[in-house]
Amino acid sequence: MREHDFSSGVKAEALKKANYRCERCWASKDLECHHVIPLEVGGQSTLDNCVVLCRHCHKIAPQDSFLFKHLFLRFASSKELISHYQVSTEEEAIHSFCLEMDIDFQGTLDKFWNDPVRM
Ligand SMILES: [Zn+2]
């Protein structure tokens, strides 16, 4: 998949735009470029589709671009997510998120918890 990766020019632009920080948790070390819309579903290696993440956030980022943008990028940790919705578990927080976004809870949970590594 190497040949579909971001070019060094796009990476440099993205890093500059992000102020050389992870766009989720603001870490400044081990920065990588993430495809918001994965290549497998037609995402392009363009600046528009590029978000700068630290290695940790990159590893746990959900593949689903809606969840990535509206849930993953918005809350830098489970703690932030839970306290934002004033609930006590991550599952309840995702439930509140789904109500707010008017999307299917079970499907969202499956997509979000697809990943073995948690937020
Ligand atoms: Zn990060």
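Read-outs: derived from the displayed coordinates by stated rules, not from any lab. This one's a predicted model, so the numbers in the text were calculated from it and none came from an experiment. Reconstructed Cβ throughout: ideal geometry from the backbone, glycine too, with neighbour counts over all protein chains shown.
Shown in residue order for segment 83-93 are the 3J(HN,Hα) couplings computed by the Karplus curve 6.51 cos²θ - 1.76 cosθ + 1.60 at θ = phi - 60°: 6, 4, 8, 6, 10, 10, 10, 5, 4, 5, 5 Hz (x for Gly and Pro). Counting 0.36 nm for each residue step from Val41 to Arg74 and taking away their Cα separation leaves a gain of 9.6 nm. When you filter the trypsin sites (Lys or Arg not before Pro) in segment 1-96 for DSSP loop state and at most 11 other Cβ atoms inside 10 Å of their Cβ, you are left with Lys29. The residues Asp5, Asp102, when put in order of fewest to most other Cβ atoms within 10 Å, stand as Asp102, Asp5. Less than 5 angstrom separates the built amide H of Arg24 from those of Cys54, all sequence-distant by 5 or more or on a different chain. The convex hull of the Cα atoms of the chain, projected and averaged over all directions, covers 7.6 nm².
Counting neighbouring Cβ atoms within 10 Å and putting the fewest first, the residues Thr89, Thr46, Thr108 line up as Thr89, Thr46, Thr108.
The label-point distance for Lys59 and Ser8, in a model that sets each label 7 Å from Cα toward Cβ, rounds to 2.7 nm.
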